[in-house]
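Okay, so here's the structure we're looking at.
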Amino acid sequence: MPAAVPDEIVDVRQDAALRGAAFCSALARASDQWLARLFHAALDGADDRGLALVAVGGYGRSELCPASDLDVVLVDGGRRPRPALAGLAERIWYPVWDTGVKLGHAVRTPKEALALAAVDLDTATALLDARLVAGDPEVAVDLAERAARQWRQKSSRWLAELGRSVAERHRRRGEVAFLLEPDLKEGRGGLRDVHALGWAEAARRILLDDDHTALADAYSALLGARVELQRRTAKATDQLLLQEQDAVAEALGDADADALMARLAAAARTIAWTSDETWRRIDASLRGPVGRLARRDQPVGAGLVLRDGAVELGPQARPADDPTLALRAAAAAATAGAPLSRTTLDRLAASPAPMPDPWPEEARRALLRLLGAGDAAVGVMEALDQRGLLVAMVPEWAKVRNRPQRNAYHRFTVDRHLLEAAARAAALADRVHRPDLLLIAALLHDIGKGYPGDHSAGGAPVVEGITTRMGFEPADVAVLVTLTRHHLLLADAATRRDVNDPATADMVAAAVEAQGTLELLHALTEADSLATGPSAWSPWKAGLVAALVERVAKALGGQAPASPAADFPGPEHQAVADRARAAGEVVVTASGRTVVVAAPDQPGLFCRVAGTLALHGLDVLMARAGSVPGGVAVEELRVEPVFGGEPDWPAVERDLRRALGGRLSLEARIADRARAYGAARATAAVPAATRVIIDNEASATATVVEVRAPDRIGLLYRVTRALAELALDIRHATVASLGHEVVDAFYVVDASGDKIIDADHRREIERAVFAELSRA
């Protein structure tokens, strides 16, 4: 049975009034008292001269979070015999281990500790925070001073290695400010970046005067969240998951989780921006002079020069008199693949000239040059935003700045998503006739998320005001408003409706009205999806959208689209059906991610197929169903493995035969699979509500039943089982995943092949679906 943790440590952990740095310091003091008792008990009255128990790393900084390790070194400067020293150390370590508290420990002489610190970055930085816990103060002070001196002597080497480790950590851990579930410690803009800057500062003075206060405030915000996160999870975790954000917000006194995440994003942006700018200066100092030509100013625009790898304002530049200067400087930086220098940003922010209404044409051109630089524009615009220059030019930006999107479909905050979308749009600019409108639409399409109500409809008038102010012609403003209002239209229609149904193309055509707008909307849809997250754009979705765009273009050109049933069932489906009829049982053929199922027609066939595929870890993305002469039903389904890998199609076929023959308990097996794997599905801070929408206008030949519900194992099986209970024939189905939410659309007809006209019948459909989805 584990030993009890000392009362003073328990008291600190349970004191809700202690938060952030105050908690960390209190826990460090309590831990000091405990280890000091163990140290003296281990000595058992012996002299401690020349012997010290030294805290290093985070413990050395007196920064202990609830699940932090106790990192200590027993330093022997008195040349005690090794066996005796080892026995002494064990008498200190074992009582700590017995409580379950994690202990990082070592026994070394000062010479050994410094030798390791001379070759190992982690040891070198840990010793920079060394302090005495118990024993001989002279030993601890001498070790700390010698470690700091050695660090300074090898500063060029260590700074280069530290810079590389910072860049690699950012690549692996992502960004604290913009990610849905950030790593508060190791991510870009996290606590470790401030540690790294402190270590760099210990090598040589590098931070500017106002950096210290800004970093301290930002660090305090992240540290407070880390403490409460570990306090509530009782785990050594630094990733602030969705399901923890509400509790952490409440503990820290934030109005809600959105307010918490916005506050943390602002703090992380300050850290990330300061870190990036500082490491650029460190890198420049490590490179040293590289020749007279490289040091010469290179003009990159009126009042702008490229100097030492960064864009600077020339001596004649007057920020207070030139409202275009900030955008021109940013465009020059992004085009050159260079940053805006710290002094340039400071000068621009200190006395910005207000942007006229409407904007000067030069300002609009500069913005388009900036956005057209693609990925290079993201960091430059972040720098403008960090200094308040972006909001000064577009005040509406403040509404989406640091605004979280708390579901697994989105990986970025709203503002960063807009910058990423603009960068993706720049890569697609050669596909459209008006790349300027595409870039602006990508930058602003989600601006409505900062306002109440539906963000597409609500964003349209906001975009109208912004782009009018920017000086776009009224006709162009109208196109940008349409793109904003309908930026989700193509993706929604392609993945939730039958793209082969003429009604789908007619609906989209009525919204976009013109070929040029359709072209722009197609590119915007791709850019928006690519910027949203890895699950938002796929070859399957791209193909559906492209097929829909082709049909809409024909509709806009006055061409009649093909009949929705023109290619289904086709010859390849007929061949599978012939085999099923001859065998008198189910036949399955698969090619890539498309599977064709043919079987003797029977009630509930679709739900049994859906249930069997769910058992094999296959999500259905789209399905078409029909019948051929001879009483054989044919289904073509596009599937995707939930956890990767290739489907075992022979096993799927065997289980389908069992399911259709009544020899496989789908209900029980799906319930078992849901219990085993349900936690692996995408989550959201606010679970999606279940809704059933019945639409008789979306198709001329069928009723569309749209079901929106939280994603879960077997959802398609349950919905189709409810439809089968009411003897509805499913002609087409699509499934769109929005991370935590699934939107299933079913084109159904009754037993006579007609739409569902009777209102009572439609209400029964809703009742049946809700009842099925309420089952455990």
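The values are calculated or read from the model by the stated rules, or taken from the named source; none is laboratory data. For clarity, every value in this text was computed on a predicted model and none was experimentally measured. Here the Cβ positions follow ideal geometry from the backbone for every residue, glycine too, while neighbour counts run over all protein chains shown. Surface accessibility is based on the protein's heavy atoms, side chains included, excluding ligands, DNA and RNA. Shrake-Rupley method; radii C 1.70, N 1.55, O 1.52, S 1.80 Å.
A few comments on the model shown:
- All positions within the stretch 483-521 that are over 20 Å from P539 (Cβ atoms) and of a type in the set (K, R): R485
- Any hit, the stretch 478-498, residues being open to solvent by less than 30 Å² (accessible area, probe 1.4 Å), in contact with a Lys or Arg (Cβ under 9 Å, 6 or more places away or on another chain), under 21 Å from Y747 (Cα atoms) and assigned to a loop (DSSP other than H, G, I, E, B): yes
- Checked across the stretch 358-378, the condition of being buried (at least 20 other Cβ atoms within 10 Å of the Cβ), of a type in the set (G, A, S) and over 18 Å from A423 (Cα atoms) holds for at least one residue.
- Test for T468: is it under 24 Å from P358 (Cα atoms), assigned to a helix (DSSP H, G or I), of a type in the set (V, I, T) and open to solvent by 20 Å² or more (accessible area, probe 1.4 Å): yes
- Candidate set: the stretch 539-561, residues that are in contact (Cβ under 8 Å) with a residue 40 or more places away in the chain and not in a helix (DSSP H, G or I); chosen: the one surrounded by the most Cβ atoms within 10 Å (Cβ to Cβ): P561
- Within the stretch 750-776, considering residues that are outside any helix (DSSP H, G or I), of a type in the set (A, V, I, L, M, F, W, C) and within 17 Å of T720 (Cβ to Cβ), the one least open to solvent (accessible area, probe 1.4 Å): I756
- Cβ-Cβ under 6 Å pairs, at least 6 apart or on other chains, the stretch 236-261 side touching a residue at least 12 places away in the same chain (Cβ under 8 Å) and polar (S, T, N, Q), far side open to solvent by less than 60 Å² (accessible area, probe 1.4 Å) and assigned to a helix (DSSP H, G or I): Q245/A257
- A55 being within 29 Å of T109 (Cα to Cα), open to solvent by less than 30 Å² (accessible area, probe 1.4 Å), free of Cβ contacts under 8 Å to residues at least 60 places away in the same chain and out of contact with any Gly (no Cβ under 8 Å at 6 or more places or on another chain): no
- Complete set of residues in the stretch 234-257 that are surrounded by 18 or more Cβ atoms within 10 Å (Cβ to Cβ) and in a helix (DSSP H, G or I): L242, E244, Q245, V248, A249, A251, L252, A257
- Filtering the stretch 338-361 to residues that are in a helix (DSSP H, G or I) and more than 16 Å from R318 (Cα to Cα) leaves R342, E361.
- Looking across the stretch 740-749 at every residue that is of a type outside the set (A, V, I, L, M, F, W, C) and open to solvent by less than 10 Å² (accessible area, probe 1.4 Å), the one that is modelled with the highest pLDDT is identified as Y747.
- So A457, is it open to solvent by 40 Å² or more (accessible area, probe 1.4 Å) and either in a helix (DSSP H, G or I) or of a type in the set (F, W, Y) (or both): yes
- The one condition in (1) modelled with pLDDT under 90; (2) over 17 Å from D711 (Cα atoms) that V596 fails to fulfil: (1)
- Residue among V481, V462, V499, V391 that is among the hydrophobic types (A, V, I, L, M, F, W, C), farther than 19 Å from G374 by Cβ and at pLDDT below 95: V499
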